[in-house]
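The values are calculated or read from the model by the stated rules, or taken from the named source; none is laboratory data. Computed from a prediction, not measured in an experiment: that's the story for all the values here. A quick note on method: Cβ atoms are made from the backbone with ideal geometry, for glycine too, and the neighbour counts reach across all protein chains shown.
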Amino acid sequence: MNGVPPLHIITGATAVGKTDTALDWAEKHDAEILSCDSVCVYRHMDIGSAKPNAQQQARIRHHGIDLVEPTERYSVLQFITMARNAIASAQSRGKKILITGGSGFYLAVFFGPVTDDVPISDEIIAEVRELMRQGLPALLTRLSNLESGPLPTWLDTQNPIRVAKALERRLATARDLNSLRDEFLSRRGPFADHTITFDLLERPDSELRLRIGQRTQAMLREGLIEEASYLLSLNLDPELASSRAVGYRATMDWLTDGRKVALDGLAERINLDTWALVRKQHKWFKRLGLAKDGIES
């Protein structure tokens, strides 16, 4: 296999059935699997992330799993480097590569630019982190004061991470957000030379809700509480993705709060949080041109 290899993506919402579909596709097409999941990169977070188990990983070689400890940060730049290395590694063995997962920001790297070269000083990082600790309103106030007009409609002002990143770049460059975005969109994506094809897996809302509920119950039986307890013992920085991961966050809150609600109450919270994630995933799929419509319920 010579030249730039084509890349195939199998994606879809949480609990839609990506793992089994990907394993079958990889076997049929003599491919290795590159995980596109922002929680599977963490060690010791196996049950709550629905990480491929040892048998599944033995069946097909996987990349992008168990890369860092929960106490470490993992950036999209690290993901891009890892993905490039995985693609080259698979190609050297004459294998195709299959990308699978539902993390929108990671998926986005295969469809366009996702990062810029703006250097952010330690002083700015410290200032923005302090504002994050004060909450989203503090971030928005600081950013609004810097802009000459209202904040642009394309900025997700309900997402503290996106607002913080925008503020960092605004402070570092003294340029307005629209000009920064225009420059960013003119960049080539890191995988622009590859031919990209994809399958978007979908299920009716009622079926997906049922599968989410069944998966939550299985996770609670198989060790999610024990994994969350381990994460609590690490005293994680609340800004870390490992600290905010769906399922883990609710379980850590439940453990910290003295288990004031029954286990069924915890399961309900996890199901609600998971469905909120599904809605965000569908917005990403629509934004990336993978789906025409997002779910409404």
Review point. What is the one condition in (1) in contact with an Asp or Glu (Cβ under 7 Å, 6 or more places away or on another chain); (2) at negative phi that residue 31 does not satisfy?
Key: (1)
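With modelled with pLDDT under 95, more than 30 Å from residue 273 (Cα to Cα), aliphatic (A, V, I, L, M) and in a loop (DSSP other than H, G, I, E, B) as the only criterion, which of 114, 118 stands out?
It is 118.
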Practice item. Just one of (1) of a type in the set (S, T, N, Q); (2) surrounded by fewer than 20 Cβ atoms within 10 Å (Cβ to Cβ); (3) under 21 Å from the mean Cα position of the chain (by Cα) trips up residue 216, so point out which. Key: (2)
**Study point:** Among residues of region 180-213, those that are without any contact (Cβ under 8 Å) to a residue 60 or more places away in the chain and under 30 Å from residue 69 (Cβ atoms), counted
**Key:** 0
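Would you call residue 64 touching a Ser or Thr at 6+ places or on another chain (Cβ under 6 Å) and surrounded by 14 or more Cβ atoms within 10 Å (Cβ to Cβ)? Full working, then the answer.
On the way: touching a Ser or Thr at 6+ places or on another chain (Cβ under 6 Å): yes; surrounded by 14 or more Cβ atoms within 10 Å (Cβ to Cβ): yes.
Considered against the rule, which asks whether it is touching a Ser or Thr at 6+ places or on another chain (Cβ under 6 Å) and surrounded by 14 or more Cβ atoms within 10 Å (Cβ to Cβ), residue 64 comes out as yes.
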Exercise for review: For region 30-43, state whether one or more residues are more than 23 Å from residue 285 (Cα to Cα) and within 17 Å of the chain's Cα centre (by Cα).
Suggested key: yes
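Test residue 187 against the stated conditions and say whether it is among the basic types (Lys, Arg) and part of a loop (DSSP other than H, G, I, E, B).
Working: among the basic types (Lys, Arg): yes; part of a loop (DSSP other than H, G, I, E, B): yes.
For residue 187, the condition - among the basic types (Lys, Arg) and part of a loop (DSSP other than H, G, I, E, B) - is met.
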Practice item. For region 94-113, indicate whether the set of residues that are crowded, with 16+ Cβ neighbours inside 10 Å, of a type in the set (D, E, K, R), in contact with a strand residue (DSSP E or B) (Cβ under 7 Å, 6 or more places away or on another chain) and not assigned by TED's automatic domain parsing to the domain that holds residue 237 is non-empty. Key: yes
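Check whether at least one residue in region 258-267 is out of contact with any Leu (no Cβ under 9 Å at 6 or more places or on another chain), touching a residue at least 60 places away in the same chain (Cβ under 8 Å) and not aliphatic (A, V, I, L, M), and report yes or no. Reasoning before the result, please.
Of all residues in region 258-267, those out of contact with any Leu (no Cβ under 9 Å at 6 or more places or on another chain) come to 258, 260-262, 264-265.
Keeping just the survivors that are touching a residue at least 60 places away in the same chain (Cβ under 8 Å) gives none.
No - not one qualifying residue is present in region 258-267.
Within region 217-280, which helices (runs of 4 or more DSSP H) (wholly inside it) include 3 or more residues that are outside the structural domain of residue 161 (by TED's automatic domain parsing), touching a Gly at 6+ places or on another chain (Cβ under 7 Å) and of a type in the set (A, V, I, L, M, F, W, C)? Lay out the reasoning, then the answer.
Values: elements: 224-233, 241-244, 248-256.
Filter on region 217-280 gives an empty set.
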**Study point:** Evaluation of residue 242 against (1) surrounded by 13 or more Cβ atoms within 10 Å (Cβ to Cβ); (2) more than 25 Å from residue 165 (Cβ to Cβ); (3) of a type in the set (S, T, N, Q) (one fails), failing number
**Key:** (2)
Check your understanding: out of contact with any strand residue (DSSP E or B) (no Cβ under 8 Å at 6 or more places or on another chain) and of a type in the set (Ser, Thr, Tyr), is that true of residue 81?
Key -> yes
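Yes/no matrix, rows are residues, columns are (1) crowded, with 16+ Cβ neighbours inside 10 Å; (2) assigned to a loop (DSSP other than H, G, I, E, B); (3) not assigned by TED's automatic domain parsing to the domain that holds residue 240:
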| position | (1), (2), (3) |
| --- | --- |
| 130 | no, no, yes |
| 145 | no, no, yes |
| 154 | no, yes, yes |
| 158 | no, yes, yes |
| 163 | yes, no, yes |
| 168 | yes, no, yes |
| 180 | yes, no, yes |
| 193 | no, yes, yes |
Check your understanding: When you go through (1) of a type in the set (S, T, N, Q); (2) touching a helix residue (DSSP H, G or I) at 6+ places or on another chain (Cβ under 8 Å); (3) without any contact (Cβ under 8 Å) to a residue 24 or more places away in the chain one by one for residue 173, which number turns out not to apply?
Key -> (3)
